[in-house]
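Down below is the structure, laid out as structure tokens.
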Amino acid sequence: MRYIGLVLLFCFVFAGCVTTSLPPVTQDSRLEDDETRLWLRFEETEKWIQKSGLIYDDEGLEIYLNDISQKLQPPDTLKNISFRIKIIKYHLPNAFSFPTGLIIIDTGALSRLENEAQLATILGHEMIHTTHRHALKKFRDTKNKSAFLATITYGTGGLGGIIGALGALATVMSYSRELETEADTEGLKLMVGAGYDPREATKFYLHMRKEYEEEKIKEEHFLGTHPRFQERAENYENLLKTKYKDNQSGIQNSEIFKEKIHRVILDNASLDLKAGRFKIAERGVDKYLSIKSTDPKAYCLLGEIYRQKAEKGDLEKAKEHYQKAISIDPSYPDAHKGMGLIYFKQGEKELAKKSLELYLSISPQAMDRIYIEEYIKQCQGGKKP
Amino acid sequence: MKKYLYIILIFVVGCAPWTQVGGLYKNESHNFSVELPQGWMKWNQGEHLLITRDGVSLQYIQVGRTKLEDPLKHTKKKFSRGMLPQEAAEVYLDNLASNSNILNFEVIENVPVAINGISGFKAVYTYKDKDGLKLKSIYYGFIVGDWIYGICYNAAQRYYFDKDINIFDKVVESFKLIKTT
């Protein structure tokens, strides 16, 4: 009787298991039943993302990124999977892909890349997650483990905690080291195959590892995936020392790339400023200024970074940057406001009044008009700020 | 058997997380008093005063104070003594804007106000939660000493926000600091 119980338990475990050994979609493959259901979930999530207000609106840039992605894949694969790149507004760098072919890259990642070769590394990696059906593999693997756990738990008298183990898509997209390594290896092959310089592959990840250490960031990305920069960098370093040791050149396209993404760099610096990551925001603006050196908006943003950080000597630096913005474009309103606010807090009423009045005259519909009018009134009335 | 049911009932009532409120409410530890609307329910287990009528996912009013030096959840910026109300509003709103659980975040109004005679700010904004529910909030904030005080009204934009806005206004009007220094 005891043996019958064991046999039943054994059957239950293995009857519930589904294979995780799946060929890539580069071959003529059809979607399996559970894969179809998984796709539907991801398609719903894609619709949710579209309506979430997270999408970074720059059609020209999207076309450019999609063109690069098309270069990485053979035509046969592109017939099977319709890859499309979307950018979302988020300051912490990350990228992820859906089994349906959608690749999301956030402004945090894009703004920290230096050239097309680095972008191709990320896109290649994400495309492999899609073409090699990693989401389905992870889904099935988790399901198998849950079935196994359910059996064990059943055998020990309870089913608590099993339900919901497969709930979030984030779980499906958090891949094992093995799948990530496959994405690194095969993704780098795509990038090199398209003629890009493999030496660029590690640079973004090393930069990000350093930045995360400096900023002590432990936070996971909001869609539940984690960048795991250290692991990526090590894998690429190993591949460069072995498989690609003789490939010491290739396309980088730094200038074209920077020209295409310059607006993202500045917008992401604004997001970093909102998140209070002053140093990172400043680095972003400096990078932007190396591309567009006469943009008053960038100098004004530097002024804002220093004004809001407000550590020793920062207010003077802020004033210098606001002045620079004004010298480039005297009608740039926010620089006058920044100057006015600093003067106001320093008790320089006449100077504050002049700057703030100028701000309102240039920007009469300013959202903070009531605040500014109040400061001007205080400057006139002699009330202490 | 009945005896056990009575014991359970006593425990449940004694530890009730929600109780019905109304009238003057004094919070000595947070140094404020407010008039609460009749028939609303008060959450008894949080640090801040939290009341609702139809459930927190549909509408709530929250009142409380936080140390200026306490880190904020989504921004590394901090409130500080001597901040202008506009600067404090900026920190408050940037913390929300950096919150990835808040989608379609939009500031509708950000103006200076006086609350109980103290200079502060009023921010009105809308956003969607991760389930797509559109919410609207009003936040009154002001700094006194080492604390930032906040009075917040949050409700589903459709139907609920307008329904209880007058009640919230009365709560704000009734707000008083127990000790002003």
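The values are calculated or read from the model by the stated rules, or taken from the named source; none is laboratory data. In this text, all values refer to a predicted model and were calculated from it rather than measured experimentally. For neighbour counting, all protein chains shown are included, and Cβ atoms are generated from backbone atoms with ideal geometry for every residue, glycine included.
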Worksheet item: If A:ASP67 passes every condition in (1) of a type in the set (D, E, K, R); (2) assigned to a helix (DSSP H, G or I); (3) in contact (Cβ under 8 Å) with a residue 24 or more places away in the chain but one, which one does it miss?
Response: (3)
Practice prompt. Quick one: count up the residues across the range A:268-305 that are farther than 21 Å from A:SER327 by Cα, charged (D, E, K, R) and assigned to a loop (DSSP other than H, G, I, E, B).
Written response: 1
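Just a yes or no: is a residue in the range A:318-329 closer than 21 Å to B:MET83 by Cα, part of a helix (DSSP H, G or I) and within 14 Å of another protein chain (Cβ to nearest Cβ)?
Yes, the range A:318-329 contains at least one residue that is closer than 21 Å to B:MET83 by Cα, part of a helix (DSSP H, G or I) and within 14 Å of another protein chain (Cβ to nearest Cβ).
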Worksheet item: Which one is farthest from the other protein chains (Cβ to nearest Cβ) among residues in the range A:53-64 that are in a helix (DSSP H, G or I) and touching a helix residue (DSSP H, G or I) at 6+ places or on another chain (Cβ under 7 Å)?
Response: A:TYR64
Item to complete: Search the range A:35-52 for residues being aromatic (Phe, Trp, Tyr) and under 17 Å from A:ILE81 (Cα atoms), and hand back the single one that is farthest from the other protein chains (Cβ to nearest Cβ).
Response: A:TRP39
Worksheet, complete the sentence: Checked against (1) under 22 Å from A:ASN235 (Cβ atoms); (2) at pLDDT 95 or above; (3) within 14 Å of chain B (Cβ to nearest Cβ), A:LEU110 satisfies every condition except (3)
Item to complete: Could you please tell me which pairs satisfy a Cβ distance under 8 Å, a separation of 6+ or placement on different chains, a first residue in the range A:338-350 that is within 14 Å of another protein chain (Cβ to nearest Cβ) and free of Cβ contacts under 8 Å to residues at least 12 places away in the same chain, and a second residue that is buried (at least 23 other Cβ atoms within 10 Å of the Cβ) and part of a helix (DSSP H, G or I)?
Response: none
Practice prompt. With a cut-off of at least 2 residues that are in contact with a Phe, Trp or Tyr (Cβ under 8 Å, 6 or more places away or on another chain), name the strands (runs of 3 or more DSSP E) lying wholly within the range A:75-150.
Written response: A:84-88, A:102-106
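Looking at A:ALA135, A:ALA95, which one is of a type in the set (Gly, Ala, Ser), more than 14 Å from chain B (Cβ to nearest Cβ) and in contact with an Asp or Glu (Cβ under 6 Å, 6 or more places away or on another chain)?
Testing whether each residue is of a type in the set (Gly, Ala, Ser), more than 14 Å from chain B (Cβ to nearest Cβ) and in contact with an Asp or Glu (Cβ under 6 Å, 6 or more places away or on another chain) leaves just A:ALA95.
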Worksheet item: If you check B:GLU106 against the conditions, is it modelled with pLDDT of 95 or more and either under 13 Å from the mean Cα position of the chain (by Cα) or more than 30 Å from B:GLY22 (Cα to Cα) (or both)?
Response: yes
Worksheet item: Given (1) surrounded by 18 or more Cβ atoms within 10 Å (Cβ to Cβ); (2) at pLDDT below 95; (3) away from every other protein chain (no Cβ under 14 Å), where does B:VAL172 come up short, assuming only one miss?
Response: (2)
Discussion item. Tell me the residue from B:ASN101, B:ASN27, B:ASN31 that is out of contact with any Gly (no Cβ under 9 Å at 6 or more places or on another chain), under 22 Å from B:PHE175 (Cα atoms) and not hydrophobic (A, V, I, L, M, F, W, C), please.
Written reply: B:ASN31
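Which residues, taken from the range A:268-278, are away from chain B (no Cβ under 13 Å) and surrounded by fewer than 22 Cβ atoms within 10 Å (Cβ to Cβ)?
Result: no residue meets the conditions.
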Worksheet item: Which one of these does A:ALA366 not meet: (1) part of a helix (DSSP H, G or I); (2) touching a helix residue (DSSP H, G or I) at 6+ places or on another chain (Cβ under 7 Å); (3) within 25 Å of B:THR75 (Cβ to Cβ)?
Response: (1)
Worksheet item: Looking only at residues in the range A:356-372 that are away from chain B (no Cβ under 13 Å) and out of contact with any Lys or Arg (no Cβ under 7 Å at 6 or more places or on another chain), which one is farthest from A:ASP329 (Cα to Cα)?
Response: A:GLN365
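For (1) within 13 Å of another protein chain (Cβ to nearest Cβ); (2) more than 26 Å from B:GLY82 (Cα to Cα), each residue gets a yes or a no:
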position	(1), (2)
B:PHE105	yes, yes
B:ALA114	yes, no
B:GLY120	yes, no
B:ALA123	yes, no
B:LEU135	no, yes
B:ILE138	no, no
B:TYR149	no, no
B:GLN157	no, yes
B:ILE165	no, yes
Worksheet item: Only one residue in A:TYR299, A:TYR306 is among the hydroxyl-bearing types (Ser, Thr, Tyr) and away from every other protein chain (no Cβ under 14 Å), so which one is that?
Response: A:TYR299
Fill in: Members of the range B:61-86 that are more than 8 Å from chain A (Cβ to nearest Cβ) and surrounded by 21 or more Cβ atoms within 10 Å (Cβ to Cβ)
B:ILE61, B:VAL63, B:ARG65, B:PHE79
